[in-house]
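A.B. asks: Below you'll find the structure I mean.
Every read-out reported here was derived from the displayed coordinates using simple, explicitly stated rules and does not represent laboratory data. For clarity, every value in this text was computed on a predicted model and none was experimentally measured. When we count neighbours, we look across all protein chains shown, and the Cβ atoms used for this are built from the backbone with ideal geometry, even at glycine.
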Amino acid sequence: MAKVKSKYVCQNCGYESAGYLGKCPDCGSWSSFVEEVSGDDARSVKTDLPDNNPPVKLSDIEMNTEIRIKTNISEFDRVLGGGIVQGSLILLAGDPGIGKSTILLQASGELCTVGKKVLYISAEESASQIKLRAERLGVKSDNLYIYSQTNFELIKKHIDEMKPDFVIIDSIQAIYTSLIQSSAGSVSQIRECCNSLMSISKTKNISVIVIGHVTKEGNIAGPKVLEHMVDTVIQFEGDKYKSYRILRSIKNRFGNTSEVGIFEMGVNGLVEILNPSQMFLKEYNQTQTPGSTIIVTNEGTRPLLVEIQALVGMTPYPAPRRVANGVDLSRVLQILAVLEKRIGLNLSKQDVYVNVIGGMDVNEPAADLGIALAIITCVRDVIADAQTAIVGEIGLSGEIRGVNHIEKRITEAQKLGFKRIIIPGANEVQGDFKEIEIIKVKRIIDAITKVVSR
Ligand code: TYD
Ligand code: MG
């Protein structure tokens with residue numbers, strides 16, 4: 001009989017210990033240890049493994065051209081780098097209720113229409129619940145199989161029998177393997193199931209998409225190892241109470257990361273938003289007040305125009321407040337320091353709020369100049385020109401630094417009808433832009449006069 005071994009595993013980070021610990025020495029979380037019993041520890045002592053995969057010279061390796069299958073949901077395909085790579089393991093993470101099951105059911109429907117066989121494992125909902133959702137989404141196909149099951153061995157059996165092209169696991173936290181005695185959703189269950197799914201996808205060339213929930217802290221529930229194991233991690237973000245959702249690629253072994261796809265949740269499921277800049281600027285012209293500017297940010301391979309708003313006012317508190325939504329607070333503090341020192345803006349008694357409209361997160365330095373000008377126009381109570389877009393990073397001496405992909409940003413601003421764009425003096429612009437005036441600035445002070453409404 002196999003020796004039964006027991007260990008205690010931190011449910012937060014996967015740290016293992018022989019005995020129970022109140023606090024995890026690795027991640028510092030409290031009461032996170034759970035006993036896990038494994039019936040088979042033979043794996044770790046095997047030494048005579050068949051060596052059928054010896055080292056090869058790089059030049060001798062034959063390249064398999066990766067086959068990508070498009071779902072026809074272009075935003076979804078783009079985030080994945082141009083479709084789902086055959087035989088890859090993808091993790092789709094997101095808050096409960098954000099629309100993970102919805103998008104994968106829609107994608108399954110589309111895959112079926114191009115003749116692929118899809119097995120949708122629903123470990124959380126019954127088959128009739130899925131049917132109800134499919135009716136709502138207009139998904140009809142004889143190639144789509146729904147299997148409501150939580151036991152991994154049974155799931156595997158059906159994958160082996162059916163040989164589908166795609167398997168969807170909804171969700172990894174709800175399935176369990178009988179090889180391990182801990183409950184579904186525990187670190188070792190997730191790790192074991194994910195490992196087996198990995199080997200299914202690689203050996204049988206089946207693309208597997210796994211849904212993973214996100215914890216209250218915003219991490220993908222379960223161990224970090226889950227992210228390391230899969231080929232691609234995409235995350236669904238956005239406010240459950242607003243209708244749009246942002247799909248973001250966090251890790252991609254087959255493509256670009258930081259790519260975003262934007263969707264809107266409607267009565268008939270998720271609809272792609274093909275022109276997101278237009279959506280983010282929908283209300284811009286009607287609501288323009290001092291303290292608002294338009295920047296061109298670059299998300300993955302796509303430029304996006306978003307509105308930045310700043311509100312500056314006398315503080316009623318002993319220490320002024322600085323609040324940033326959608327941009328990094330430390331970036332805002334740095335910009336404020338530069339403004340105080342380099343252009344003499346006195347903000348020591350002022351509260352400063354900076355907000356990105358539309359719930360977008362802007363994490364690149366190219367937004368600096370737009371943020372600075374939003375703050376300055378608010379302090380001086382002037383309106384920034386509604387036809388001018390802004391890009392540029394601010395250095396500590398108040399200089400404007402060059403940004404990447406400048407042509408793409410200018411093209412996007414021109415496409416949306418902007419008449420002027422303020423860019424860093426250091427940027428060389430290739431190409432001919434006829435409908436937009438390009439204004440180069442070297443210092444913040446130069447940008448101020450250029451942006452004020454004329
Ligand atoms: P769901 O895909 O079940 O979320 P998740 O799998 O990420 O937990 O969908 C979440 C929400 O979307 C749900 O509250 C209802 C809403 N919804 C719509 O608004 N329209 C639709 O067509 C569908 C299918 C869902
Ligand atoms: Mg779901």
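A.B. asks: For the chain, what is the calculated [θ] at 222 nm in deg cm²/dmol (nearest 500), taking -39500 (n - 2.57) for each run of four or more DSSP H residues and dividing by its residue count?
C.D. replies: Helix-only estimate at 222 nm: -7500 deg cm²/dmol.
A.B. asks: Here is a follow-up. In angstroms, what radius of gyration and Dmax does the range 331-454 have, counting Cα atoms only?
C.D. replies: That works out to 14.1, 46 Å for Rg and Dmax.
A.B. asks: Just need the Rg to Rh number for the range 115-222, please, alpha carbons only, Kirkwood Rh. If you can, show how the numbers build up before the last one.
C.D. replies: Working: Rg = 14.0 Å, Rh = 14.4 Å.
Looking at the range 115-222, the ratio lands at 0.97.
A.B. asks: Taking the Cα centre of the range 400-454 as the origin, how large is its charge dipole in debye, to the nearest 20, when only Lys and Arg (+1) and Asp and Glu (-1) carry charge on their Cβ atoms?
C.D. replies: Working: 12 positive and 7 negative charges, 47 e Å.
Computed charge dipole of the range 400-454: roughly 220 debye.
A.B. asks: Please give the length that would be gained between K349 and W30 if that part of the chain were fully extended, namely 0.36 nm times their separation in residues minus their C-alpha to C-alpha distance (nm, one decimal). Before the final figure, lay out the partial values.
C.D. replies: Details: separation 319, 0.36 × 319 = 114.84 nm, distance 4.06 nm.
Additional length available on full extension: 110.8 nm.
A.B. asks: What does the net charge come to around L89 if you take all other residues with beta carbon closer than 11 Å to its beta carbon, with K and R at +1 and D and E at -1?
C.D. replies: Numbers: positive: K202, R253; negative: D231.
Combined, the nearby Lys, Arg, Asp and Glu give +1.
A.B. asks: List the lysines whose Cα sits under 25 Å from the Cα of K7, skipping any in the same chain fewer than 8 residues away.
C.D. replies: K23, K46, K224
A.B. asks: Now for a separate question. Filter the cross-link list K140/K408; K117/K157; K70/K204 down to pairs whose alpha-carbon distance in this structure exceeds 28 Å. List each step's numbers first, then the result.
C.D. replies: Numbers: K140/K408 39 Å; K117/K157 16 Å; K70/K204 20 Å.
Those over the limit are K140/K408.
A.B. asks: In addition: For S126 and K251 in the same chain, what is the full-extension length gain: residue separation times 0.36 nm, less their Cα-Cα distance, in nm? Before the final figure, lay out the partial values.
C.D. replies: Numbers: separation 125, 0.36 × 125 = 45.00 nm, distance 3.11 nm.
Net length gain for the segment: 41.9 nm.
A.B. asks: Over the alpha carbons of the chain, what is the largest minus smallest coordinate on each principal axis, giving the biggest first in Å?
C.D. replies: Sorted largest first, the three principal extents are 82, 53, 53 Å.
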